[in-house]
Structure formats: structure tokens, C-alpha cells
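Peer 1: Can you keep this structure in mind? I'll have questions shortly.
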Amino acid sequence: MIIFGATIGALTCFLGGLIAVDISSRKAAGAALGTIGIASYAGAGLGEFLTGIIIDKTAILENGKTLYDFSTLALFWVGTGLGSALLCFTTAAIVARRHAVERQTSFSS
């Protein structure tokens, strides 16, 4: 769980900081960073909300005791982490392609 949390934290820092600043112009870097920060907090809130819903929906009442099954929740969070990594790599590829095009146009002119 520690490794999972550390990788999600590192990915969030990478997405929130480096990619936002790299994609935007230098004049708009602060606005891009703030927008990504707000979206990150909104996503975290939504994640906690969905976690609560999944826990409530998968709980089973048996003999007067509530039993919790976290396998569905684990699948949700692993899938969310993989989706986040996919978005990160896609964005990084777009930025790399943009920089390659900018380098080609600066060399040819």
C-alpha cells in the first residue's frame, strides 16, 4: 500500500507541476498550475466520494454484523491508477511531439 500511495503521489506531482508548466506558455504557467491544482483537488474529492459509495454498495449484513469486501474497491483504485498513468504517458507523448515539431521549424527557418 505504501508503494501504491507513493506512486500515485509522484504521479500527481508530475501531472500537477511539470506537465502543466511544460504545456502552457511561460506567461500562463501559473494559471495552468492553479487550474491543474484545482482539478486535482476536485478529483481527490470525487475519488473519496466514489470510495464511500463502493464500500456501501459492497458491504454485506450477515448475522447482525457488517462485512466489507474491498476487492471491488481495490480493482477500482488500481484501474484508476492505470488510467492516470495512461493519461500521463499520452500527455507526455503529445508534449514531446510538439517540442520535436518546434525544433524542426526552428532549424528549417
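The values are calculated or read from the model by the stated rules, or taken from the named source; none is laboratory data. Just so it is clear, the model here is predicted, and its values are computed rather than measured. Positions of Cβ are generated from backbone atoms using ideal geometry, with glycine treated the same way; all protein chains shown enter the neighbour counts.
Peer 1: Using beta carbons and a limit of 7 Å, which pairs, at least six apart or on different chains, have the first residue in the range 19-35 and within 12 Å of Thr91 (Cα to Cα) and of a type in the set (Phe, Trp, Tyr) and the second one in a helix (DSSP H, G or I) and modelled with pLDDT of 80 or more?
Peer 2: The qualifying pairs do not exist here.
Peer 1: Check Ala92, Ala96, Ala44 and return the single one that is in a helix (DSSP H, G or I), closer than 23 Å to Leu18 by Cα and touching a residue at least 60 places away in the same chain (Cβ under 8 Å).
Peer 2: On the way: Ala96 fails: touching a residue at least 60 places away in the same chain (Cβ under 8 Å); Ala44 fails: touching a residue at least 60 places away in the same chain (Cβ under 8 Å).
The conditions single out Ala92.
Peer 1: Further question: So for the range 15-25 (the condition being in a helix (DSSP H, G or I), exposed (fewer than 10 other Cβ atoms within 10 Å of the Cβ) and modelled with pLDDT under 80), does at least one residue qualify? Even if it seems obvious, please write down each step before you answer.
Peer 2: If we filter the range 15-25 for residues that are in a helix (DSSP H, G or I), which is where we start, we get 15-23.
Imposing the further condition that a residue be exposed (fewer than 10 other Cβ atoms within 10 Å of the Cβ) reduces the set to none.
Scanning the range 15-25, I find no residue that is in a helix (DSSP H, G or I), exposed (fewer than 10 other Cβ atoms within 10 Å of the Cβ) and modelled with pLDDT under 80, so the answer is no.
This table checks each residue for (1) within 23 Å of Ile23 (Cβ to Cβ); (2) polar (S, T, N, Q); (3) surrounded by 10 or more Cβ atoms within 10 Å (Cβ to Cβ); (4) touching an Asp or Glu at 6+ places or on another chain (Cβ under 7 Å).
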| position | (1), (2), (3), (4) |
| --- | --- |
| Ile55 | no, no, yes, no |
| Gly64 | no, no, no, no |
| Thr72 | no, yes, yes, no |
| Gly81 | yes, no, yes, no |
| Ala85 | yes, no, yes, no |
| Gln104 | yes, yes, yes, no |
| Phe107 | yes, no, no, no |
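Peer 1: Whether any residue in the range 5-14 is more than 27 Å from Ala96 (Cα to Cα) and either modelled with pLDDT under 80 or surrounded by 10 or more Cβ atoms within 10 Å (Cβ to Cβ) (or both) is what I want to check. Full working, then the answer.
Peer 2: Narrowing the range 5-14 to residues more than 27 Å from Ala96 (Cα to Cα): 5.
Filter again for either modelled with pLDDT under 80 or surrounded by 10 or more Cβ atoms within 10 Å (Cβ to Cβ) (or both), leaving 5.
Within the range 5-14, one or more residues are more than 27 Å from Ala96 (Cα to Cα) and either modelled with pLDDT under 80 or surrounded by 10 or more Cβ atoms within 10 Å (Cβ to Cβ) (or both).
Peer 1: Here's something else I'd like to know. Against the definition (free of Cβ contacts under 8 Å to residues at least 60 places away in the same chain, surrounded by 13 or more Cβ atoms within 10 Å (Cβ to Cβ), in a helix (DSSP H, G or I) and not polar (S, T, N, Q)), how does Leu50 come out, yes or no? Working first, answer last.
Peer 2: Working: free of Cβ contacts under 8 Å to residues at least 60 places away in the same chain: yes; surrounded by 13 or more Cβ atoms within 10 Å (Cβ to Cβ): yes; in a helix (DSSP H, G or I): yes; not polar (S, T, N, Q): yes.
In short, yes.
Peer 1: So is Ala29 out of contact with any helix residue (DSSP H, G or I) (no Cβ under 7 Å at 6 or more places or on another chain) and either part of a helix (DSSP H, G or I) or at pLDDT below 80 (or both) or not? First the steps, then the outcome.
Peer 2: Numbers: out of contact with any helix residue (DSSP H, G or I) (no Cβ under 7 Å at 6 or more places or on another chain): no; either part of a helix (DSSP H, G or I) or at pLDDT below 80 (or both): yes.
When the stated conditions are applied, Ala29 does not pass them.
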